[in-house]
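Working notes for the structure below.
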């Protein structure tokens, strides 16, 4: 089932809620108020209540939302399930950081294949994943890997994206500092690690920075 | 000047627009339609028009928005200016990727200090930045560095945050897979590189994944 009427911006916040709800569940909580959740994730509580209402999440006054139920709903909507196989292209610093990152597991993702074009890296293991030659991206089709992370320099990104699409990849997380174009049947999310930093000065009192 | 009534979610999208507008400007465009912009950044054009209306950005029918004017406004709101000094704490894979990342420059940021607790790293240069002992975080006050990136393991994040706050840091971009708490005068943006990946399966046709 797809919940087609959920706005993309709500979808974007669901992983944020998911992670926070897991955190509260680990602390032993069964119920959570929208205001406690708001405080942890840095969003407004009305926004959270509105987002939850899209999938029939209605809290009980004085009790709040049942954490287990919310987690179940978000899992269903985002199709979070264990054993989702991901391919990584580009085993530089950023790619290596991803292979070592413990956070993917929360959402059921596992990076099971890694590719690079550097002969010194090909054949070596990074965090238990053997680095393969990027020329062999085509093997993803046979291995039924449909999601990929691109962490290559700008110049190489479009070429890698084309090869991934040809190999049957249908979802791409693009960490290269470039836009890539793909057929409309493929979803690309482009991430720029500088963008989040770019918001910070807005929230920091103006007196801190000398005008020039 | 602060534009206090601009919603946080709009602020979050401004760096996305900023980068896309620079891209169009580099291609030689002077005007841009909300629909072209929408296509590049993957948002709805009505959302973009609404966001722009918060700061008096009104396009001309048949012509679109003037790119230079939009860039100027966004720069003003986000306080994007050259020479914004940033400290990085944690020079592991992710931290090293940040030191090498060309994208910070677009927003006027420069990582001018890097800290780690590993004696093997202290004193070495990574991308022209000398790695300092994390015990010396207090020097940030004297150096007037007010923004920092945390890229340390979960267990160390809160301790690092406390020291940064004591050293006068007022804005933190937290890449550790943990929540941190700071006084209300300090702004923290916590980023989880897995969260963006978590949205992908939602957009990928269900048939692709075998149910189990």
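Assuming 0.692 mPa s and 37 °C, estimate D for the protein assembly as shown with Stokes-Einstein, Rh taken as the Kirkwood radius over Cα pairs, in µm²/s. Show your work: numbers first, answer last.
Values: Rh = 22.7 Å.
This corresponds to a translational diffusion coefficient of 145 µm²/s.
What is the average number of partner chain Cβ atoms found within 10 Å of a Cβ in B:96-104?
On the way: counts 5, 10, 6, 1, 3, 7, 4, 10, 6.
Mean partner-chain Cβ count within 10 Å for B:96-104: 6.
Out of all DSSP beta bridges with both ends in chain A, state the antiparallel percent to the nearest 5.
20 percent
Quick check: pseudo-label points 7 Å beyond the Cα along Cα→Cβ at residue A:135 and residue B:6, how many nm apart are they?
About 4.9 nm, to one decimal.
Compute the distance in nm between two label points, each set 7 Å from the Cα along the Cα-to-Cβ direction, one at residue B:82 and one at residue B:44.
Reported label-point gap for residue B:82 and residue B:44 is 4.0 nm.
I need the inter-copy label distances for residue A:124: point set 7 Å along Cα to C-beta, values in nm with one decimal, smallest first.
1.3
Extension gain residue B:26-residue B:203, at 0.36 nm per residue separation less the Cα-Cα distance, in nm?
Roughly 60.7 nm would be gained on extension.
In percent, what relative contact order does the range B:84-195 have, based on Cα pairs under 8 Å that are 6 or more apart in sequence?
Computed value for the range B:84-195: 23 percent relative contact order.
When DSSP beta bridges are limited to those with both residues in the protein assembly as shown, what percentage is antiparallel, rounded to the nearest 5?
20 percent
In nm to one decimal, list the spacings between the residue A:168 label point and its equivalents in the other copies, with label points set 7 Å along Cα to Cβ, shortest first.
5.9
Would you mind putting A:138-145, A:31-38, B:154-161 in packing order, based on average other-beta-carbon counts within 10 Å, highest first?
Working: A:138-145: 14.6, A:31-38: 18.6, B:154-161: 17.1.
Most protected by this proxy first, the peptides run A:31-38, B:154-161, A:138-145.
So the label point sits 7 Å from Cα along the Cα-to-Cβ vector; using that for residue B:53, what distances do you get to the other copies, in nanometres, sorted shortest first?
Computed spacing set for this position: 2.0 nm.
With equal scatterers on the alpha carbons only and no solvent term, can you work out the Debye log10 of I(q)/I(0) for the range A:84-195 at 0.22 1/Å?
-1.32
Over the Cα atoms of chain B, compute the convex hull volume and normalise it per residue, giving Å³.
Output value, Cα hull per residue: 176 Å³.
Out of all DSSP beta bridges in the range A:112-212, what portion is antiparallel? Express it as a percent rounded to 5.
Bridges in the range A:112-212 that DSSP calls antiparallel: roughly 15 percent.
Highest mean first, what order results for A:187-193, B:120-126, A:198-204 on Cβ atoms within 10 Å?
In decreasing order of mean packing, A:187-193, B:120-126, A:198-204 become A:198-204, A:187-193, B:120-126.
Say R0 is 45 Å: what FRET efficiency, to the nearest 0.05, do residue A:181 and residue B:125 get from their beta-carbon distance?
Calculated value: 0.75.
When the Kirkwood hydrodynamic radius is evaluated over all pairs of different C-alpha atoms of the range A:44-122, what value in angstrom, to one decimal, is obtained?
15.5 Å
Rule-based calculations on the coordinates, nothing more; no lab input. All values reported here derive from a predicted model rather than from experimental measurement. Every residue, glycine as well, gets a Cβ built from its backbone with ideal geometry; the counts of neighbours run over all protein chains shown.
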